[in-house]
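This report refers to the structure that appears directly beneath it.
The values are calculated or read from the model by the stated rules, or taken from the named source; none is laboratory data. Just so we're clear, the structure is a prediction, and the values are computed from it rather than from any experiment. FYI the Cβ positions are ideal-geometry reconstructions off the backbone, even for glycines, and counts take in every protein chain you see. These area figures cover heavy atoms from the full protein model, side chains too; ligands, DNA and RNA do not enter into them. Shrake-Rupley method; radii C 1.70, N 1.55, O 1.52, S 1.80 Å.
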Amino acid sequence: MKVAAAQIDVAFRQVETNLACIEARLEEAAAEGAELVVFPECAVAGYCFAHLNEALAYTSEIPGPVTERLAEACREFNVFAVVGLLEVDGYAVYNACVLVGPTGLIGKYRKIHLPALGVDNHVAPGDARWAVYQAGEAKVGMHICYDSAFPESARSMALDGAEVLALPTNFPPGAECLCANVLPARAMENCVYLIAANRVGTERGFTFLGESKICGPDGEILALAPADEEAIIYADIDLERARNKRRVRIPGKHEINRFADRRPEMYGRVTAPNERQLTLGFD
């Protein structure tokens, strides 16, 4: 299976411009044989909104006109896409992404871990844990940007059978270590493929890091985009490598399985509520 990450310069508050860009990149990637293309976080509307009222005019219902348009492009080019956008649902706004394919909207995800940055200062946290969806032959899990700083997100999806983790991002300065080192580690520790689509350009004083990447199940970098220009990167992936968690380095002498060797009975402290959750009344 061939996959791609589309690193683009998102036009702030220019939904039509961004959708046209996404459609053009889908056509280009599909022509190169890509079956799944991942786009950046908030690729439809932009990210650096100063307050919720400003962002509301650029939100989308899911499903809605934006996802219908994405589905039309996916049908035309016979490709699957993961695209970041701002979702409105009643009185709540979420930093979300959708998985869309030739048959239409397949699934969505709402960002759970929110940093004090951009629109994440104002949106509601995701209210459902990570789900895994079928995209062609691949089982795909979605998370967004800062979620990748928490190992539980990738592990949860991998335990539910994800073979490919899609990560739309808007990594700003300060996230260099996460981008360079943590993402390959997430792929390695879960024996999955990880497609991280970052953006480039500057928005309200924030210059984004670029360097989108596709990582393999042993943490290897299969494709890497430049830091300061738009690009589409590609990788051919072997889903059997993600399905087989057993690594045999020296038969009978050095073998590991990061899933079979887990000791979940020892991990209770990891899921205990933290002080912020207790203060806010979360259970």
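For an R0 of 30 angstrom, estimate the FRET efficiency from the Cβ-Cβ distance between GLN14 and ARG246 and round to the nearest 0.05.
Computed FRET efficiency for GLN14 and ARG246 comes out at 0.05.
Past 20 Å, Cα to Cα: identify those pairs from LYS111/LYS245; LYS108/LYS245; LYS2/LYS213, in the order given.
Result: LYS111/LYS245; LYS108/LYS245 exceed 20 Å.
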note = When the charge dipole of the chain is computed with +1 on Lys and Arg Cβ and -1 on Asp and Glu Cβ about the Cα centre, the Cα farthest towards its positive end, among ASN190, PHE39, GLN14, belongs to ASN190
query = Mean separation of Cα pairs under 8 Å and 6+ residues apart, divided by the residue count of the chain: what relative contact order is that in percent?
reply = 18 percent
ask   = Which value in nm describes the separation of the simple spin-label points at ALA24 and ALA57, placed 7 Å from the Cα toward the beta carbon?
value = 2.4 nm
In the stretch 48-120, GluC sites (Glu not before Pro) in a DSSP loop with at most 16 other beta-carbon atoms within 10 Å = GLU61
message = With +1 assigned to the C-beta of every Lys and Arg and -1 to the C-beta of every Asp and Glu, and no other charges, what is the dipole magnitude of the stretch 20-150 about the Cα centre in debye, to the nearest 20?
response = 340 debye
query = Does the stretch 164-213 come out rounded, prolate or oblate, given a ≥ b ≥ c as the square roots of the eigenvalues of its C-alpha gyration tensor, rounded meaning a/c under 1.5 and, failing that, prolate meaning a/b above b/c?
reply = prolate
task = Give the whole-number value, in cubic angstrom per residue, of the convex hull volume spanned by the C-alpha atoms of the stretch 114-253.
result = 121 Å³
task = Treating only the Cβ atoms of Lys and Arg (+1) and Asp and Glu (-1) as charged, compute the dipole magnitude of the stretch 128-248 about its Cα centre; round to the nearest 20 debye.
result = 460 debye
message = For the chain, what does the accessible surface come to per residue with a 1.4 Å probe? Please give it in Å².
response = 44 Å²
message = Leaving out ligands, DNA and RNA, and with a 1.4 Å probe, what % of the accessible surface on the chain is carbon or sulfur?
response = 51 percent
message = At a 10 angstrom cut-off on C-beta neighbours, averaged per residue, how do the peptides 207-213, 136-142, 114-120, 239-245 rank from highest to lowest?
response = 207-213, 136-142, 114-120, 239-245
remark   = Out of PRO125, GLY205, ASN53 - ranked by how far each Cα lies towards the positive end of the dipole of the chain, with unit charges on the beta-carbon of charged residues - the top one is PRO125
ask   = Can you give the direction-averaged projected area of the convex hull of the alpha-carbon atoms in the chain, in nm²?
value = 15.1 nm²
request  = Give the distance, in whole Å, between the Cα centre of the stretch 27-88 and the Cα centre of the stretch 104-118.
outcome  = 12 Å
key: Student exercise, the stretch 1-53 dipole from Lys, Arg, Asp, Glu Cβ charges, in Debye to nearest 20   = 180 debye
query = Going by the alpha-carbon gyration tensor, a ≥ b ≥ c the square roots of its eigenvalues, is the stretch 39-169 rounded (a/c under 1.5) or, if a/c is not under 1.5, prolate (a/b greater than b/c) versus oblate?
reply = oblate
task = With r as the distance between the Cβ atoms of GLU275 and THR103 and R0 = 35 Å, compute the FRET efficiency 1/(1 + (r/R0)^6) and round to 0.05.
result = 0.20
task = Output the antiparallel fraction of DSSP beta bridges having both residues in the chain, as a percent to the nearest 5.
result = 70 percent
query = Considering the alpha-carbon set of the stretch 1-82 alone, what are its Rg and its Dmax in angstrom?
reply = 13.1, 42
request  = Just name one of ALA225, SER156, ALA180: the one whose Cα is farthest towards the positive end of the charge dipole of the chain (beta-carbon charges, Lys/Arg +1, Asp/Glu -1).
outcome  = SER156
request  = Take the alpha carbon gyration tensor of the stretch 199-279, find the square roots of its eigenvalues, order them as a ≥ b ≥ c, and report rounded if a/c is under 1.5; if not, report prolate when a/b exceeds b/c, else oblate.
outcome  = oblate
query = How high is the relative contact order of the stretch 16-159, in percent, counting Cα pairs under 8 Å that sit 6 or more residues apart?
reply = 21 percent
ask   = How big is the convex hull of the Cα atoms of the stretch 37-83, per residue, in Å³?
value = 68 Å³
